[in-house]
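Every read-out reported here was derived from the displayed coordinates using simple, explicitly stated rules and does not represent laboratory data. Remember, predicted model here, so these are calculated numbers, not experimental data. Cβ sites come from the backbone with ideal geometry, for glycine too, and all protein chains shown count toward neighbours.
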Amino acid sequence: MTGTGDGVAWITGASSGIGRALALRLARDGRTVAASARSAGALSALAAEAGAEAEAEGRIVPFPLDVTDAGAVAAAADVIERRLGPVGLAVLNAGTHTPMGLDDFSAATARALMEVNYFGVVHALDALLPRLAARGGGRVAVVASVAGYRGLPTAAAYGPTKAALINLCEALKPECDRAGIRLHLINPGFVDTPLTARNPFPMPDIIPAAAAADRIADGLAGDRFEIAFPPRFARTLKLARCLPYRAYFALVRRVTGT
Ligand SMILES: NC(=O)c1ccc[n+]([C@@H]2O[C@H](COP(=O)([O-])OP(=O)(O)OC[C@H]3O[C@@H](n4cnc5c(N)ncnc54)[C@H](OP(=O)(O)O)[C@@H]3O)[C@@H](O)[C@H]2O)c1
C-alpha cells in the first residue's frame, strides 16, 4: 500500500493511457480501484488483467460512465460507495484532445472538449466534495496539463479546458485544506497514449504511460499540491509562463515554427 490514504481509489478515464496504467499501479499497491470510462469492455479487460497479476494485491472494479452526464457521475459515486466503501482517493483523469487552430476553429469542438475535460471533472467534484468534507478527509487529484499554463498552437480547444482546471484547483485548494481534503493538481507533459498518438509533431521528453502512473502514484503519497512531470519539461513550460508576451510568442515561433 502506498501512502495515498485509505479507502477506495476512484479513477475516471481508466480504460486507456494514463488512467489505465495508474489503476494497475494502485491495484499492485493493494488498493481497491473503482475504474470508470465509457468503454465497458476495456474496463472489464482491465479488471481481468489486474485479477491475473500475481503481484496485484488489490483489485479493479469497473463502473462505466460518461463524465459529461452529471446524473450518471453522481449515481456512480453512490454505487461505488455502497458496493466498495468510502472513496478515499479520486483521480479525475478522463479527458480528450482535438487539435484546433485558425483553420479548423470550431465552437462545437471547443464546447465538446470543455464538456469532457472541464465539466467532467466538475461533475465528479460535485458528487465527491460534500462526502469528503462530511468525513473530514480524503484526496482528490485533478488531471490537467502543462498545456494549461499558457496558450499553445493547435491547442486552442484543449488548452483552455486545462487552464480552467488549474484555476479551479487553485480556487478550491485553501478551503479543501480547511475541510481536511487534500487536493492535488496533476500537470503531465507528453505521455505516450492514444491521446498523443494524434499529434503529428515530435513530442519532447515524452514518457510511457506506466512512468506517468508511477510519478502520479508517488506524488499522491506526498503532500505537494502540484504533481508536474517530467520535471525538466514541466519546469521549462512553467518558466515560459513568466515571459512577457513578446518573448513568449518569439519562443513559440522558434520552437513550433508557427
Ligand atoms: N497523454 C498526454 O501527453 C497528456 C498530457 C497532459 C495531460 N493529459 C491528460 O491526461 C488524461 C488522460 O489522457 P491519456 O493521455 O491517458 O488519454 P487516453 O489514453 O485517450 O485516455 C483518456 C481516457 O478518458 C476517457 N474518457 C474520454 N471521454 C470520456 C467521457 N466522456 N466519459 C468518461 N471517460 C471518458 C477514455 O475512455 P473512454 O473513451 O472509454 O470513455 C480514456 O479512458 C486526460 O485528461 C489528458 O488530457 C495527457
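Each residue of the range 165-173 in turn: what ³J(HN,Hα) in whole Hz from Karplus with 6.51, -1.76, 1.60 and θ = phi - 60°, glycine and Pro shown as x?
Calculated HN-Hα couplings, in order: 5, 4, 5, 4, 5, 4, 5, 8, 3 Hz.
Could you check how many percent of all C-alpha pairs in the range 8-256 are farther apart than 27 Å?
Values: 10250 of 30876 pairs.
Distances greater than 27 Å cover 33 percent of the Cα pairs.
Rounded to the nearest 0.05, what FRET efficiency do LYS238 and SER106 have when you use their Cβ-Cβ distance and R0 = 35 Å?
Numbers: r = 30 Å, r/R0 = 0.85.
Efficiency, rounded to the nearest 0.05: 0.75.
What's the whole-number percent of alpha carbon pairs in the range 88-189 lying beyond 21 angstrom?
Working: 1770 of 5151 pairs.
Considering the range 88-189, 34 percent of its Cα-Cα pairs are separated by more than 21 Å.
As a check on your grasp of the helix formula, calculate [θ] at 222 nm for the chain: sum -39500 (n - 2.57) over DSSP H runs of n ≥ 4, divide by the residue count, round to the nearest 500. Each step should come with its number before you reach the end.
Details: 9 runs with 119 residues, N = 258.
Result for the chain: -14500 deg cm²/dmol, rounded to the nearest 500.
Going by amide H atoms built from the backbone, whose H comes under 5 Å of the H on ALA157, apart from near neighbours?
Amide H to amide H, under 5 Å and 5 or more residues apart or across chains, ALA157 pairs with MET100.
Compute the angle between helix 245-256 and the longest alpha-carbon principal axis of the chain, please, reported from 0 to 90 degrees and rounded to the nearest 10.
80
If I model the range 7-152 as equal point scatterers sitting on the Cα atoms and use the Debye formula, what is log10 I(q)/I(0) at q = 0.09 Å⁻¹?
For the range 7-152 at q = 0.09 Å⁻¹, log10 I(q)/I(0) is -0.29.
Need the C-alpha centroid separation for the range 243-258 versus the range 208-230, integer Å.
After rounding, the separation between the Cα centres reads 29 Å.
With the cut-off at 17 Å, report for the range 198-258 the share of all Cα pairs above it, as a whole percent. Before the final figure, lay out each step's value.
Numbers: 1000 of 1830 pairs.
Across the range 198-258, Cα pairs with separations above 17 Å total 55 percent.
Kindly rank 37-43, 24-30 from highest to lowest mean number of other beta carbons found within 10 Å of each residue. List each step's numbers first, then the result.
Numbers: 37-43: 17.1, 24-30: 21.0.
So the peptides 37-43, 24-30, ranked by packing, come out 24-30, 37-43.
Taking amide H positions as placed in the peptide plane 1.01 Å from N, state which residues far from ILE227 in sequence (5 or more) or on other chains have amide H under 5 Å from it.
Amide H to amide H, under 5 Å and 5 or more residues apart or across chains, ILE227 pairs with LEU185, ILE186, ASN187.
How long is the gain from ASP214 to PHE249 if the chain were fully straight, where each residue apart is worth 0.36 nm and the alpha carbon distance is subtracted? List each step's numbers first, then the result.
Working: separation 35, 0.36 × 35 = 12.60 nm, distance 3.35 nm.
Contour length minus Cα-Cα distance gives 9.2 nm.
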